[in-house]
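The values are calculated or read from the model by the stated rules, or taken from the named source; none is laboratory data. Just so you know, these numbers come straight off a predicted model, no measurement behind them. We place every Cβ from the backbone using ideal geometry, glycine too, and count neighbours over all the protein chains shown. To get the accessible areas, we keep the full protein, side chains included, count just its heavy atoms, and leave off ligands, DNA and RNA. Shrake-Rupley method; radii C 1.70, N 1.55, O 1.52, S 1.80 Å.
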Number of protein chains: 2
Amino acid sequence: MDPAQQAQNRETFRQAVTNTLERRLFYIPSFKIYRGVAGLYDYGPPGCAVKSNVLAFWRQHFVLEENMLEVDCPCVTPEVVLKASGHVDKFTDLMVKDEKTGTCYRADHLLKDFCKDKLERDPNLPAEKAAEFRHVLAVLDDLSSEELGAKIKEYGITAPDTKNPLSAPYPFNLMFQTSIGPSGVSPGYMRPETAQGIFVNFKDLYYYNGNKLPFAAAQIGQAFRNEISPRQGLLRVREFTLAEIEHFVDPEDKSHPKFSDVANLEFLMFPREDQVAGRSARRINISEAVAQGVVNNETLGYFIGRVYLFLTHLGIDKDRLRFRQHLANEMAHYAADCWDAEIECSYGWIECVGIADRSAYDLRAHTDKSGVPLVAHEKFPEPREVEKLIIVPAKKELGLAFKGNQKMVVEALEAMGEKEAMEMKETLKSKGEAAFNVCTLDKVVTINKNMVSISKEIKKEHQRVFTPSVIEPSFGIGRIIYCLYEHSFNIRPSRDGDEQMNFFSFPPLVAPIKCTVFPLVQNQQYEEVARQIARSLTVYGISYKIDITGTSIGKRYARTDELGVPFAITVDSASSVTIRERDSKQQIRVNVDEVASVIKEVTDGQSTWGDVLWKYPTHSS
Amino acid sequence: MDPAQQAQNRETFRQAVTNTLERRLFYIPSFKIYRGVAGLYDYGPPGCAVKSNVLAFWRQHFVLEENMLEVDCPCVTPEVVLKASGHVDKFTDLMVKDEKTGTCYRADHLLKDFCKDKLERDPNLPAEKAAEFRHVLAVLDDLSSEELGAKIKEYGITAPDTKNPLSAPYPFNLMFQTSIGPSGVSPGYMRPETAQGIFVNFKDLYYYNGNKLPFAAAQIGQAFRNEISPRQGLLRVREFTLAEIEHFVDPEDKSHPKFSDVANLEFLMFPREDQVAGRSARRINISEAVAQGVVNNETLGYFIGRVYLFLTHLGIDKDRLRFRQHLANEMAHYAADCWDAEIECSYGWIECVGIADRSAYDLRAHTDKSGVPLVAHEKFPEPREVEKLIIVPAKKELGLAFKGNQKMVVEALEAMGEKEAMEMKETLKSKGEAAFNVCTLDKVVTINKNMVSISKEIKKEHQRVFTPSVIEPSFGIGRIIYCLYEHSFNIRPSRDGDEQMNFFSFPPLVAPIKCTVFPLVQNQQYEEVARQIARSLTVYGISYKIDITGTSIGKRYARTDELGVPFAITVDSASSVTIRERDSKQQIRVNVDEVASVIKEVTDGQSTWGDVLWKYPTHSS
């Protein structure tokens, strides 16, 4: 199939899915009666139920199973915290403005659209031009503000809505800003992620865990990004639910005690080398990936495996799920390794979970800014003798020599590494003075032997103090749910074959409603039986919908299939009823007083439909 | 006991509770390493677990049991929505500023503190002065900005921190303001309540419910209030979780089909008349309260009963829970009736749930602002003949007579009720003209018979179109949890009697962790059994904590009691173990392979401790 036809098919499929989702209130554009706000969506009743099922399973699969410490921190965050984390300075996108109307656009989006459009729609494009556009697309994320601006100018790109000229690109901070308290002098932001709330609590959480590593903290909550121009419907939104795990571990030991639980898993992985070499993702065994160093360490590998199990349990198609390693240029300088769980949907491969080894970066940043040491201790069974480098600057001498710059020179001397210090010691001994580059002064100064004493001493140490590494799996819940919708969406012909019927094949775990109850015909006796069944479902904590309209049973099945309800109970007698399974349309006949417990069994995972199918007589309508 | 001593005892008790809560990380002042932010708190691991248990029970008790439509809307809200709801104009507190430092205070708090202080601490206060202060306290909420300012001036109240003079009071809007999108021209706010997200979706939700009334929608989510100076610790905070229900009902029929389920409940109620007459709250049967019109209608009464059941199931002491009716001056002008569930704690009686009949106010406000009719329809089985009042203003005549005021006169004529209109018709007939008060012009004009035609016509109607009434139970989850902590907090002597031990007597439903697992002594066999039990607890979805430290078993019990863990499993053999109940300290002996199912039984509400106590041999240590 040619690419244009493929794109068309994807678009048609997406329209079918989103039409169904919006018509059945899985989601609603927020504040619709006021014509909405771009990038804000409500979860309507079935969507809200799916979300709460996904979150409940997340808690069971991660928090409970791993004994994680779950916390719940506010969204409103004072500036100092996000200054330390780097968000105030760096959480930006480059923006261009329509010079006449003031409308704002993301600079990289305009350039990307321009190049894609040329490649897809211009049949006469010379080969070297095509190569150039492909190159621009490949390096798009690496372009500086100036480079982006130059390309936009070179290609004559104008504002898409008006064709007016555009301003040069400039950074726009994506955080929603506000002010805390009445005075107006305490700036705050709506958090762009939940992780910072965990980092600032590290000291207390470590204590709560008995001062032991490793341990993980978790948080589910809202996060906010004031996108410049939200696109891709439910995938790029301005407010969303994150579920984040911060697993704190000794940087010298990143093994995981439960790694053997996932060691045999095999799934699509897309290592950095394969991407660079232009190969495709391939099935790799996770323990081999760790053993070969493709995945940096066991703990990272363990979480990749657990994320795979989580997503496939929810109903994500394992053939449209891959773990893609970040390229060197995608990764923050401090990160040891980073893998994204990407799910393929009509928009392409979408990052839904990021699993990063962030090393000690975050805890160090907050230690520096707050002055509170966020560190862990390892007590030695026996005191250990350790050779320590001792650098003692002579402050008086340095003061006389460098006056106002004394502090910077002292700090630079104290910051010397072992190799540099021992070299200086040698030079001072042999020549009496040494040249020394003080970065903070941006010049080379001369240090003489009276200005610093350098030595090595053997010291007894009772413990090791270190900043833990953080391994962070971070889940975009809304994106996972949207991909789940696409992977669960099916179309089949109606019984008489003259209509196309939609249905969502959600597993019972995530289905918004577990079953519907229908009296076959409108009569008081059947309705009373239906209500009796409804009461026992409530006792078991099973969500249901009762439909006593006089509509044909076929139409009622279709309605409930479209909501992804896995089971339908039809009351056609006072003593026994039928249970119909959504995907197979098979039916069994069950006594009224057993029906709730059968539904419980097949919805809470104790049994499958296959298990109960042979226990009860089948029913054909 | 004299009031001062009582206040002192309350303070001591509160200190004991909050010290325990903070030490065991039930809560943590947010961003503590940066010296925190007033009015922002984190839920630490046990607090977060309690919260999620409370919310899960809320979903079971309200959403599932009543088949409510749960939705999930964003916190970021555009201005137009909150303009319509009245929050932009009226969600304010009166503030005064220290004229030198700029520090802000709530004007009413300063006046309240001044009066209370005088009454409590000045033994020589003349009787008439005391009466005056008491009067000020009683009418505090009704004082206008000018009256508050005058009192502050009269009493010479200065800034509490500096004794500097204060500015006159002025309104401060309590919403956190922000800006949506990059242009800076779309103001938005962090929602002050979740209700508006439901109201704006009424049309879709009504359709989802098959265009049938009554139905209820529900939402759990964060809400934000930028308090001027947060006080009362965890009770008055700047960000909090609300759980709100909007029950839409035909204003002509506020009966409730399940009212009989709560009809026999009896609990402390505090009707308006009793408050005004200076009487105390008293036990009233809810069906009598509805029958006598003390509670406005059955639906309101039903929810009061359901809220009572919800709170007492969580562990709120029924003798420290009352339902207080709003006084006329507390209630919004449009409200039909309003009751607060108030819980007594060391801060006094605290509003934790508001249950209000808000009539048609909210839906009408959004209908007016958006132009989208948020209405319900009642189809008549047979068309009905209805007598309709027809008022047709003669715009031309009115224009000539009133020029620029024409529009106001036309609107006032059209807005006449039946009685007024028929009187005018009579007067116009007999005298040829009539005096007519136009409120919007604030004057009486003369209408002559050429200016308006008034008649009654018989029309056939097929349906009734009306704006539903809303009954809104709104739960402050954080406040309920804090009161629960106080009601569950106990102190008892240690076994040797020389220490005071704290424990929280949470019911299993809300306990943060359901059980702990202790090997009696550190040995590999016991630890293996402990891990085996832990695995089966995980399978059952039961949260546990395993404690393999070598600390004495008594100390380990004390630690877990202080977290409110209801059951402790001690491994003292490879075949059977003991289960200890927290409050009674009773122990039973259970086989290793049965223990998880026993814990499941007593924590999910199938059995009580009393039920299992006689089934298994008791154990005395």
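Annotation note: Cβ proximity below 9 Å between a residue of segment B:338-360 that is on the phi > 0 side of the Ramachandran plot and a residue that is among the polar types (S, T, N, Q) and open to solvent by 10 Å² or more (accessible area, probe 1.4 Å) (sequence gap 6+ or interchain) occurs for B:Ser359/B:Thr467. Listed here are the helices (runs of 4 or more DSSP H) enclosed by segment B:326-436 that have at least 1 residues being under 30 Å from B:Pro468 (Cβ atoms): B:361-370, B:406-414, B:418-431. Within segment A:44-77, being facing chain B (nearest Cβ under 7 Å), under 27 Å from B:Met68 (Cα atoms) and of a type in the set (D, E, K, R) holds for A:Lys51, A:Asp72. The single condition from (1) more than 29 Å from A:Thr608 (Cα to Cα); (2) modelled with pLDDT of 95 or more; (3) touching an Asp or Glu at 6+ places or on another chain (Cβ under 9 Å) that A:Cys352 fails is (1). Would you confirm whether any residue within segment B:546-553 is acidic (Asp, Glu), open to solvent by 40 Å² or more (accessible area, probe 1.4 Å) and at pLDDT below 95? No. Here is the figure for segment B:496-528: residues that are open to solvent by 10 Å² or more (accessible area, probe 1.4 Å), touching a strand residue (DSSP E or B) at 6+ places or on another chain (Cβ under 9 Å), farther than 19 Å from B:Pro46 by Cα and not in a helix (DSSP H, G or I) total 3. Among residues of segment A:486-498 that are more than 14 Å from A:Leu314 (Cα to Cα), those with a Cβ under 9 angstrom from a residue that is surrounded by fewer than 13 Cβ atoms within 10 Å (Cβ to Cβ), sequence gap 6+ or separate chain, pair up as A:Ile491/A:Gln500; A:Arg492/A:Gln500; A:Pro493/A:Glu499; A:Pro493/A:Gln500; A:Ser494/A:Gln500.
Just one of B:Leu242, B:Leu234 is at pLDDT below 95 and more than 7 Å from every other protein chain (Cβ to nearest Cβ); which is it? Don't jump to the end; show me each part of the working.
Working: B:Leu242 fails: at pLDDT below 95.
After applying the criteria, what remains is B:Leu234.
Of the residues B:Leu213, B:Leu268, B:Leu234, the single one that is among the hydrophobic types (A, V, I, L, M, F, W, C), closer than 24 Å to B:Asp362 by Cβ and open to solvent by 10 Å² or more (accessible area, probe 1.4 Å) is B:Leu213. Could you say which residue among B:Tyr208, B:Tyr170, B:Tyr189, B:Tyr155 is under 15 Å from B:Ala107 (Cβ atoms), open to solvent by 10 Å² or more (accessible area, probe 1.4 Å) and in contact (Cβ under 8 Å) with a residue 60 or more places away in the chain? Sole residue among the options that is under 15 Å from B:Ala107 (Cβ atoms), open to solvent by 10 Å² or more (accessible area, probe 1.4 Å) and in contact (Cβ under 8 Å) with a residue 60 or more places away in the chain: B:Tyr170.
Yes or no, residue by residue, for (1) more than 9 Å from every other protein chain (Cβ to nearest Cβ); (2) surrounded by fewer than 20 Cβ atoms within 10 Å (Cβ to Cβ); (3) among the hydroxyl-bearing types (Ser, Thr, Tyr):
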{"site": "B:Pro123", "(1), (2), (3)": "yes, yes, no"}
{"site": "B:Asp141", "(1), (2), (3)": "yes, yes, no"}
{"site": "B:Ser145", "(1), (2), (3)": "yes, yes, yes"}
{"site": "B:Leu166", "(1), (2), (3)": "yes, no, no"}
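Looking only at residues in segment A:456-471 that are in contact with a His (Cβ under 8 Å, 6 or more places away or on another chain) and surrounded by 23 or more Cβ atoms within 10 Å (Cβ to Cβ), the one that is nearest to A:Lys425 (Cα to Cα) is A:Val470. The residues on offer are B:Ile228, B:Ile220, and the sole one that is open to solvent by less than 30 Å² (accessible area, probe 1.4 Å) and not in a loop (DSSP other than H, G, I, E, B) is B:Ile220.
Every residue, every condition in (1) of a type outside the set (S, T, N, Q); (2) exposed (fewer than 13 other Cβ atoms within 10 Å of the Cβ); (3) not in a loop (DSSP other than H, G, I, E, B), yes or no:
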position	(1), (2), (3)
B:Tyr485	yes, no, yes
B:Ile491	yes, yes, yes
B:Ala530	yes, no, yes
B:Thr538	no, no, yes
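Applying the criterion of being under 29 Å from A:Arg492 (Cβ atoms), open to solvent by less than 20 Å² (accessible area, probe 1.4 Å) and within 7 Å of chain B (Cβ to nearest Cβ) to the residues of segment A:14-43, the residue that is farthest from the chain's Cα centre (by Cα) is A:Leu25. Quick check, is A:Gly149 part of a helix (DSSP H, G or I), farther than 26 Å from B:Asp72 by Cβ and either of a type in the set (Lys, Arg) or out of contact with any strand residue (DSSP E or B) (no Cβ under 7 Å at 6 or more places or on another chain) (or both)? For A:Gly149, the condition - part of a helix (DSSP H, G or I), farther than 26 Å from B:Asp72 by Cβ and either of a type in the set (Lys, Arg) or out of contact with any strand residue (DSSP E or B) (no Cβ under 7 Å at 6 or more places or on another chain) (or both) - is met. The set of residues from segment B:80-107 being within 12 Å of B:Pro192 (Cα to Cα) and either touching a strand residue (DSSP E or B) at 6+ places or on another chain (Cβ under 8 Å) or within 12 Å of chain A (Cβ to nearest Cβ) (or both) comprises B:Val81, B:Leu82, B:Ser85, B:His87, B:Val88, B:Phe91, B:Thr92. Does A:His247 fit the bill of being open to solvent by 10 Å² or more (accessible area, probe 1.4 Å) and part of a loop (DSSP other than H, G, I, E, B)? Taking the combined requirement at face value, the residue does not satisfy it.
Against the criterion of being open to solvent by 10 Å² or more (accessible area, probe 1.4 Å), part of a loop (DSSP other than H, G, I, E, B) and closer than 23 Å to B:Arg106 by Cα, B:Ser183 does not qualify.
In contact with a strand residue (DSSP E or B) (Cβ under 6 Å, 6 or more places away or on another chain) and farther than 30 Å from A:Gly102 by Cα: does that describe B:Pro182?
On the way: in contact with a strand residue (DSSP E or B) (Cβ under 6 Å, 6 or more places away or on another chain): yes; farther than 30 Å from A:Gly102 by Cα: no.
No, not satisfied.
Among the residues of segment B:569-582, are any under 19 Å from B:Tyr616 (Cα atoms), open to solvent by 20 Å² or more (accessible area, probe 1.4 Å) and modelled with pLDDT of 95 or more? Looking for residues that are under 19 Å from B:Tyr616 (Cα atoms), open to solvent by 20 Å² or more (accessible area, probe 1.4 Å) and modelled with pLDDT of 95 or more, one finds at least one in segment B:569-582, hence yes.
Within this structure, B:Val63 fails the test of being of a type in the set (Val, Ile, Thr) and closer than 30 Å to A:Lys203 by Cα. In segment B:109-128, the residues that are without any contact (Cβ under 8 Å) to a residue 12 or more places away in the chain reach residues that are part of a helix (DSSP H, G or I) with C-beta atoms within less than 9 angstrom, at least six apart or across chains, in these pairs: B:Arg121/B:Ala4; B:Asp122/B:Lys129; B:Asp122/B:Ala130; B:Leu125/B:Lys118; B:Leu125/B:Leu119; B:Leu125/B:Phe133.
Of all the residues in segment A:370-403, those that are over 47 Å from the mean Cα position of the chain (by Cα), open to solvent by 70 Å² or more (accessible area, probe 1.4 Å) and without any contact (Cβ under 8 Å) to a residue 12 or more places away in the chain number 3. Number of residues in segment B:195-209 that are touching a Cys at 6+ places or on another chain (Cβ under 7 Å) and closer than 14 Å to B:Arg364 by Cβ: the value is 0. The set of residues in segment A:443-458 that are touching a residue at least 60 places away in the same chain (Cβ under 8 Å) and in contact with a Leu (Cβ under 9 Å, 6 or more places away or on another chain) comprises A:Val452, A:Ile454, A:Ser455, A:Lys456, A:Glu457.
Summed over segment A:219-231, the residues that are facing chain B (nearest Cβ under 9 Å) and of a type in the set (Gly, Ala, Ser) give a count of 2.
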